[in-house]
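J.: Encoded as structure tokens, here's the structure I'll be asking about.
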Number of protein chains: 2
Amino acid sequence: MEQELPIIQIRNCLLVSIQTELHDRLALDLQASLMERVRNVNARGVILDVSAVEVIDSYITRILNDIGKSVRFMGAECFIVGIRPAVAMTLIEMGVELDSVNTALNLDLALERLELLQ
Amino acid sequence: MEQELPIIQIRNCLLVSIQTELHDRLALDLQASLMERVRNVNARGVILDVSAVEVIDSYITRILNDIGKSVRFMGAECFIVGIRPAVAMTLIEMGVELDSVNTALNLDLALERLELLQ
């Protein structure tokens with residue numbers, strides 16, 4: 001069976017909780033299906049929760065940035081939440097940037113910034 | 001790789017979006033890991049989103065009811081959201097009940113009833 005990451009819709013925001021290691025195919029599929037859903041539901045925000053992800057390499061970072069850019073081009077905001085300390089340090093060591101996305105410590109804080117949580 | 005359903009935490013509520021056919025092993029694993037998480041995070045509510053599920057048989061219904069009961073025993077509320085019309089009709093034809101859980105039309109409504117959404 002083809003593995004796919006579930007996209008959850010809360011009001012007009014989309015949420016993907018990545019609880020598996022992100023390999024290249026999976027990340028590209030996610031990008032494609034997210035863009036499609038953003039358009040279909042007129043999404044205002046997209047949140048990618050990576051708190052369970054222990055390894056993010058430079059290729060995956062590029063895809064995350066690409067997702068952020070495309071989401072912004074389509075008029076919505078993109079948040080990456082829950083980057084682990086070790087992942088953050090690796091990103092710095094690799095010299096990669098996450099400049100096309102917003103970041104938040106956790107899901108609740110991103111939902112608050114999108115004004116969804118009470 | 002062992003397939004597992006991602007459990008998402010929003011404040012003190014747990015959310016599982018079931019976007020794959022629920023087979024027996026998966027449902028039992030879900031029950032076990034949900035109970036563990038309910039305890040760990042002092043969950044107030046558990047939401048199972050089955051809007052993508054096209055077939056729910058009587059065994060799965062029993063597990064869903066069991067999850068609902070155990071969640072209630074632990075002091076939280078359980079919602080099943082997004083039961084499709086065809087699934088609802090099949091459940092009636094089979095004479096099964098979903099009496100241990102609350103139901104809601106969609107995720108937003110369940111989140112509102114748990115007083116999470118603004």
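J.: Add +1 for every Lys or Arg and -1 for every Asp or Glu among the other residues with Cβ under 13 Å from the Cβ of A:L105, and state the total.
T.: Summing Lys and Arg as +1 and Asp and Glu as -1 gives -1.
J.: Which value in deg cm²/dmol, rounded to the nearest 500, describes the helix-derived mean residue ellipticity at 222 nm for the protein assembly as shown, given -39,500 (n - 2.57) per DSSP H run of n ≥ 4 and division by the residue count?
T.: Numbers: 8 runs with 101 residues, N = 236.
The per-residue figure over the protein assembly as shown is -13500 deg cm²/dmol.
J.: Which value results when the Cα radius of gyration for the protein assembly as shown is divided by 2.2 N^0.38 Å?
T.: Numbers: Rg = 18.1 Å, N = 236, 2.2 N^0.38 = 17.5 Å.
Rg over 2.2 N^0.38 Å, computed on Cα atoms: 1.03.
J.: Computed over the Cα atoms of chain A, what is the convex hull's projected area averaged over all directions, in nm²?
T.: Working: hull surface 27.6 nm².
Orientation-averaged projected area of the Cα hull: 6.9 nm².
J.: Continuing with this model, one more query. Obtain the nm distance between the two label points defined at A:L98 and A:Y59 by a simple spin-label model: each point lies 7 Å from its Cα along the Cα-to-C-beta direction.
T.: 2.0
J.: Same structure again: Find the accessible area per residue for chain A; the probe is 1.4 Å, ligands and nucleic acids are left out, and the unit is Å². Mind showing how you got there, number by number?
T.: Working: 5950 Å² over 118 residues.
In whole numbers, chain A has 50 Å² accessible per residue.
J.: Using a basic spin-label model with each label point 7 Å from the Cα along Cα→Cβ, how many nm lie between A:T20 and B:R84?
T.: About 2.1 nm separates the two model spin labels.
J.: Separate question: In Å² (nearest 100), what accessible area is buried between B and A, both sides summed, heavy protein atoms only, 1.4 Å probe? Please report the intermediate quantities before stating the final value.
T.: Values: alone 6870 and 6840 Å², together 11930 Å².
So the buried area, both faces added, is about 1800 Å².
J.: With every protein chain present, what accessible area does B:D99 have (1.4 Å probe, heavy atoms only), rounded to the nearest 10 Å²?
T.: Around 110 Å² of this residue is reachable by solvent.
J.: On the protein heavy atoms, probe 1.4 angstrom, tell me the percent of accessible surface of chain A carried by carbon and sulfur. Before the final figure, lay out each step's value.
T.: On the way: 2940 of 5950 Å².
That share works out to 49 percent.
J.: Please find the FRET efficiency linking B:N12 to B:S33, where r is the Cβ-Cβ separation and R0 is fixed at 22 Å, and quote it to the nearest 0.05.
T.: Numbers: r = 17 Å, r/R0 = 0.77.
Computed FRET efficiency for B:N12 and B:S33: 0.85.
J.: Right, next: With a point put 7 Å past each Cα toward its Cβ, work out how far A:E4 is from A:L105 in nm, to one decimal.
T.: 3.5
The values are calculated or read from the model by the stated rules, or taken from the named source; none is laboratory data. All values reported here derive from a predicted model rather than from experimental measurement. Neighbour counts are summed over all protein chains in view; Cβ atoms, including those assigned to glycine, are modelled from backbone coordinates with ideal geometry. Areas reflect the complete protein model, heavy atoms only, side chains present, ligands, DNA and RNA absent. Shrake-Rupley method; radii C 1.70, N 1.55, O 1.52, S 1.80 Å.
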